[in-house]
1. Name the single residue, out of those in the stretch 1-56 being in a loop (DSSP other than H, G, I, E, B), closer than 15 Å to residue 108 by Cβ and of a type in the set (D, E, K, R), that is farthest from the chain's Cα centre (by Cα).
2. Which residues, counting only those in the stretch 66-82, are crowded, with 20+ Cβ neighbours inside 10 Å and aliphatic (A, V, I, L, M)?
3. Quick check on the stretch 94-125: of everything there that is outside any helix (DSSP H, G or I) and at pLDDT below 80, which residue is surrounded by the most Cβ atoms within 10 Å (Cβ to Cβ)?
4. Considering each residue of the stretch 57-69, count those that are at pLDDT below 90 and either more than 22 Å from residue 106 (Cβ to Cβ) or of a type in the set (Lys, Arg) (or both), and give that number.
5. What are the residue pairs meeting all of these: first residue in the stretch 85-96, first residue more than 17 Å from residue 112 (Cα to Cα), second residue at pLDDT 90 or above and exposed (fewer than 12 other Cβ atoms within 10 Å of the Cβ), Cβ atoms under 7 Å, and 6 or more apart or on different chains?
Amino acid sequence: MRDLIAYCGLDCEKCDAYLATVNNDQLLREKTAKLWAELNNAPILPEHINCQGCRVEGLKTVFCENLCGIRQCASHKSVATCGNCPDMEKCPTVGAIIENNPEALTNLKEVRPFHRAADDDQSRK
């Protein structure tokens with residue numbers, strides 16, 4: 001499973017917060033903070049732009065760590081990503097991400113297991 005695919009299917013390796021962190025790029029942190037502050041009408045500062053990936057150990061942005069409803073839901077349901085959730089097809093929260101970024105759905109389909117435990121039970125009979 002690709003660890004840098006977020007719970008919602010977005011690719012962390014393409015995220016400006018991730019890129020700024022792994023490349024220690026202060027200019028990208030400043031640019032990202034300004035954009036995200038405008039988009040979210042929130043006080044986001046360059047020092048808030050540090051993230052090593054949504055589903056891996058390490059630094060996370062304040063939003064990803066504490067406010068992301070998708071991350072909280074996946075954690076509560078103990079699923080690796082939304083692609084492993086039986087409710088994904090009807091979920092309006094992850095649906096909004098997928099609608100704005102169709103690659104997220106492709107990523108979710110690629111990272112979920114190729115078969116379910118129920119399929120294993122059937123193959124043993």
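The values are calculated or read from the model by the stated rules, or taken from the named source; none is laboratory data. Only a predicted model underlies this, so the values are computations on that prediction, with no experimental measurement involved. Backbone-built Cβ (ideal geometry, glycine too); neighbour counts: all protein chains shown.
1. 2
2. Residues satisfying the conditions are 70, 74.
3. So, considering only residues that are outside any helix (DSSP H, G or I) and at pLDDT below 80, the one surrounded by the most Cβ atoms within 10 Å (Cβ to Cβ) is 112.
4. Residues in the stretch 57-69 being at pLDDT below 90 and either more than 22 Å from residue 106 (Cβ to Cβ) or of a type in the set (Lys, Arg) (or both): 5 in total.
5. Hits for this filter: 93/69.
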